[in-house]
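Engineer: If you scroll down you'll find the structure; I have some questions about it.
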Amino acid sequence: MSEITSETSSESTVELQNDFLRVAFEASIGATITSFQGRVNNSWVDIMRKAPEPLGRSSNGNFIMLPYSNRIRDAVFTFNDKRHQLEKAEKHAIHGDVRDRPWKVKEQCSTSAVLEIRSEDFPDFNFPFPIRAEVTYTLDGPSLHVDLLLENCSETDMPAGFGLHPYFNKSLGDSDEQPLLSFSAEGFYSYEGELPIADGNLEDTPPSHSFAQKRDVTEGIDHCYGGWSGSAEIEWPASNVRLNISSDKTMSHAILFTPPEQSFFAFEPASMRTDGFNALNRGDKNSGVMVLGPGESLRSRTSFTVSQG
C-alpha cells in the first residue's frame with residue numbers, strides 16, 4: 001500500500017476511487033460499504049444498494065458478519081461441552097457483533113484502506129471469547145477485493161466464522177430490469193418456520209431454488225447453500241453489466257436472500273452454515289466453523305468485479 005495518509009485515522013467516512021470503481025464506507029458503523037459504484041458508459045452506476053441519509057445502521061451496501069455469520073438458534077451454543085448464552089438481536093442472535101460498532105482506520109490511500117476492531121474495546125461485546133478483526137478494502141482495476149481476518153485473542157480454543165452481506169440493486173437504471181443470477185453449490189439447507197434455521201444435513205437443491213443455470217432472481221428465497229463453488233455471477237441485461245463474485249475456499253457457504261417487493265437482494269459469501277456453532281456441536285463436519293487456537297487467525301478474500309458486455 002502506498003501513499004498512506006495516517007497510522008490511525010479519525011475520519012469516519014472513507015472513499016476509494018480508480019478509473020473503474022468508486023467505493024465509500026463508514027468506519028464508525030461497522031466499516032460498512034455505503035456506496036459501491038461502477039463506471040458504465042462514462043457514468044457512475046450504483047451496483048450495491050446505496051445507504052440512506054442520515055445513516056442509521058449497517059444494513060446498506062455491504063456489512064461484515066463476524067465472529068459468526070447469519071443466525072445462532074435462540075442465541076445459545078455449546079462449544080467444548082460449555083454452554084454459552086448470547087444476547088438476542090431478535091429471537092436468535094444474528095450476524096455477529098461488529099456490524100454497528102466503530103472500526104479504526106489503520107491505513108489508507110486513494111485505492112486501499114485497512115480497518116481494525118478489537119472486542120476488548122467494548123465491554124458489552126456479544127461473544128464469550130476476545131477477538132481482533134481486520135478488513136482490507138482494495139481497488140484493483142475493475143475489482144474490489146475485500147480481505148477479512150479474524151484472530152482469537154483468548155487463551156483457549158474458540159469457534160469462528162465470518163461472512164459478507166452485500167445487497168445488490170435489482171435494477172441499474174431501467175425500472176423493468178430483471179437481474180440474472182448464477183452460482184453452483186453442492187446443496188442447500190431446508191427449514192420449517194418463519195426464520196431460515198435448519199437443523200438437518202445438506203440436501204439436494206430443488207429446481208425452484210437452484211441457480212446452477214443463469215435465471216431471474218426469484219423472490220421469497222432466504223436459504224443457506226453449502227459446498228458453494230466460490231463463484232457467482234449477476235447480470236443486468238438491460239444495462240449490459242455483469243458482476244462476478246469470487247471467494248477463496250474459506251467461504252464454503254453462501255446465503256441467498258431475495259425479499260419480496262423490494263428493489264434489492266443479497267448474495268452473501270460465508271465461511272459457515274446457518275447456526276453453524278450448534279451444527280459443529282452436533283458433529284456436522286461440513287459446518288464450515290473453524291476452531292481457532294490461541295493467537296490463530298481465520299482469513300479470506302472475496303472479490304467483486306464489474307464488467308460490461
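Engineer: Suppose a student asked you for the relative contact order of the stretch 178-250, using Cα pairs under 8 Å spaced at least 6 residues apart; what percent would you report?
Structural biologist: 41
Engineer: Same structure again: Run the numbers on the chain and let me know its relative contact order in percent, using alpha-carbon pairs under 8 Å that are six or more apart. Before the final figure, lay out the partial values.
Structural biologist: Working: 821 pairs, mean separation 57.3, N = 309.
So the answer I get is 19 percent.
Engineer: Apply 1/(1 + (r/R0)^6) to the Cβ-Cβ distance of N244 and S297, taking R0 = 35 Å, and write down the FRET efficiency to the nearest 0.05. Before the final figure, lay out each step's value.
Structural biologist: On the way: r = 27 Å, r/R0 = 0.76.
According to the calculation, E is roughly 0.85.
Engineer: Regarding the stretch 8-119, what are the three Cα extents along the principal axes, ordered largest first, in Å?
Structural biologist: Ordered largest first, the stretch 8-119 gives principal extents of 56, 29, 26 Å.
Engineer: As an exercise, use a Förster radius of 22 Å and the Cβ-Cβ distance of D176 and D222 to find the FRET efficiency, rounded to the nearest 0.05.
Structural biologist: Details: r = 25 Å, r/R0 = 1.11.
Efficiency, rounded to the nearest 0.05: 0.35.
Engineer: Would you work out if the stretch 13-308 is rounded, prolate or oblate? Take a ≥ b ≥ c from the square roots of the eigenvalues of the alpha-carbon gyration tensor; rounded if a/c is under 1.5, else prolate when a/b is larger than b/c, oblate otherwise. Kindly include the intermediate steps, with their values, before the conclusion.
Structural biologist: Values: a/c = 1.83, a/b = 1.22, b/c = 1.50.
Verdict is oblate for the stretch 13-308.
Engineer: Sticking with this structure for a sec: Name the residue, out of F79, F257, F277, whose mean-square fluctuation peaks in a Gaussian network model built on the chain with Cα pairs under 10 Å.
Structural biologist: Among F79, F257, F277, the largest GNM mean-square fluctuation belongs to F79.
Engineer: Once you put a point 7 Å from the Cα of E186 and another 7 Å from the Cα of S12, both along the Cβ direction, what distance in nm separates them?
Structural biologist: 4.4
Engineer: Which Cα, out of N80, L139, S119, lies furthest along the positive dipole direction of the stretch 13-308 (beta carbon charges, K/R +1, D/E -1)?
Structural biologist: L139
Engineer: Fewest to most neighbouring Cβ within 10 Å: what's the order for R242, R282, R71?
Structural biologist: Working: R242 16, R282 11, R71 21.
Arranged by neighbour count, lowest to highest, R242, R282, R71 become R282, R242, R71.
Here, each number is a calculation from the coordinates, and none is a lab measurement. Quick caveat: nothing in here was measured; it's all calculated off a predicted structure. Reconstructed Cβ throughout: ideal geometry from the backbone, glycine too, with neighbour counts over all protein chains shown.
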